[in-house]
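Trainee: Below you'll find the structure I mean.
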Amino acid sequence: MESLLKLPVARGANIRILQITDTHLFAGEDETLLGVNTLRSYSAVLKAVQAEQRHFDLVVATGDLAQDHSPQAYRHFATRIARLPAPCVWLPGNHDFQPAMVDVLAECGISCAKQVLIGDEWQLLLLDSQVYGVPHGELSDYQLEWLAQALAGQPERHTLLLLHHHPFPSGCIWLDQHSLRNAHMLAEVLQPHQRVKTLLCGHIHQELDVDWLGRRVLATPSTCVQFKPHCTNFTIDTLGPGWRYLDLLPGGAVQTEVRRLDGTEHLPDTDYEGY
Ligand SMILES: Nc1ncnc2c1ncn2[C@@H]1O[C@@H]2COP(=O)(O)O[C@H]2[C@H]1O
Ligand SMILES: [Fe+2]
């Protein structure tokens, strides 16, 4: 059974979330994706986060944590994320291998909660949009029913909704064939719930902040390789690895900022045409 995580916060205090996404880790410490050593770029991101010394209450990892299905890749993820001064919750992406992911992250003390109640006013709901073996996403009937129930059960709370796949056209045609296929069904479940104003995704390895049917959808840079916005075909960007902070404000608004590593140390080889 999926557990519930309750995070108390001081009354009136801002709630800050750190999003880490698409780490694409391997078992081997020297493995690379498109020329980037993903373990090193992930570790550099976490080091930069710690150096910033910003307070955050929770870390959310929005999928594609491992590239090679290996338990060791999830161990790499978990041992490093556990050094941050806040708990982590996670959801799967298309590349993840959930049998290894679930067991290893739990063994390493990472919560498997998919509903997080934060203070008195907010909740996070984390969806599984993976269709095993293919890059596109879809929400199963179970996921849609679980979402409907979780929303109906907390009608007074503002909800940040998290899923790996983007439910809207991103502007990259090659990525939009890998989007959430049944976004209309998600829209239907959300329709009566005006307190779900913001959705948070990974998957597209780029920063995005768009309106989708009156709701705000955010997507976030990967901790490894970035994809160039507004491209018809697979195109690698030369921006550095990134992460996002989200402040969940009283009243339901979200303030957010994307941060990136400086320098050229973790940049990809742009000659690749896919992976
Ligand atoms: N050249 C390509 N054309 C279309 N899709 C690709 C290409 N290369 C990789 N992909 C898929 O597109 C996905 C986008 O992000 P993911 O990291 O989920 O995994 C990627 C691959 O599954
Ligand atoms: Fe993905």
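Trainee: Which of the residues spanning the range 157-177 are within 12 Å of residue 202 (Cα to Cα) and either basic (Lys, Arg) or in a loop (DSSP other than H, G, I, E, B) (or both)?
Mentor: Result: 163, 164, 165, 166, 167, 170.
Trainee: Out of all the residues in the range 157-168, is one or more away from ligand 2 (no atom under 16 Å from the Cβ) and of a type in the set (D, E, K, R)?
Mentor: Step one: filter the range 157-168 for residues away from ligand 2 (no atom under 16 Å from the Cβ), giving 157-161.
Narrowing further to those that are of a type in the set (D, E, K, R): 157.
Within the range 157-168 (the criterion being away from ligand 2 (no atom under 16 Å from the Cβ) and of a type in the set (D, E, K, R)), the answer is yes, since at least one residue qualifies.
Trainee: Related question: Six or more apart or on different chains, Cβ atoms under 7 Å: show the pairs whose first residue is in the range 155-167 and more than 11 Å from residue 129 (Cβ to Cβ) and whose second is more than 16 Å from ligand 2 (Cβ to nearest atom) and of a type in the set (Ser, Thr, Tyr).
Mentor: These pairs meet every condition: 160/198.
Trainee: Here is a further query. Quick one: which of 174, 212 is at pLDDT 95 or above, farther than 30 Å from residue 79 by Cα, within 16 Å of ligand 1 (Cβ to nearest atom) and of a type in the set (Phe, Trp, Tyr)? Break it down stepwise before answering.
Mentor: Numbers: 212 fails: within 16 Å of ligand 1 (Cβ to nearest atom).
Exactly one residue qualifies, and that residue is 174.
Trainee: Also: Scanning for something under 29 Å from residue 8 (Cα atoms), within 16 Å of ligand 1 (Cβ to nearest atom) and buried (at least 21 other Cβ atoms within 10 Å of the Cβ), does the range 129-149 turn up at least one residue?
Mentor: yes
Trainee: Would you point out the residue of the range 183-194, among those that are of a type outside the set (A, V, I, L, M, F, W, C) and surrounded by fewer than 16 Cβ atoms within 10 Å (Cβ to Cβ), that is farthest from residue 208 (Cα to Cα)?
Mentor: In this case the residue turns out to be 192.
Trainee: Any chance the range 250-258 includes a residue that's within 15 Å of ligand 1 (Cβ to nearest atom), part of a loop (DSSP other than H, G, I, E, B) and in contact (Cβ under 8 Å) with a residue 24 or more places away in the chain? Spell out the reasoning first.
Mentor: In the first step, residues of the range 250-258 are kept if they are within 15 Å of ligand 1 (Cβ to nearest atom); the result is none.
Checking the range 250-258: not a single residue is within 15 Å of ligand 1 (Cβ to nearest atom), part of a loop (DSSP other than H, G, I, E, B) and in contact (Cβ under 8 Å) with a residue 24 or more places away in the chain.
The values are calculated or read from the model by the stated rules, or taken from the named source; none is laboratory data. Since the model is a prediction, treat every value here as computed from it, not as a measurement. Note: ideal-geometry Cβ built from the backbone for every residue, glycine included; neighbour counts use all protein chains shown.
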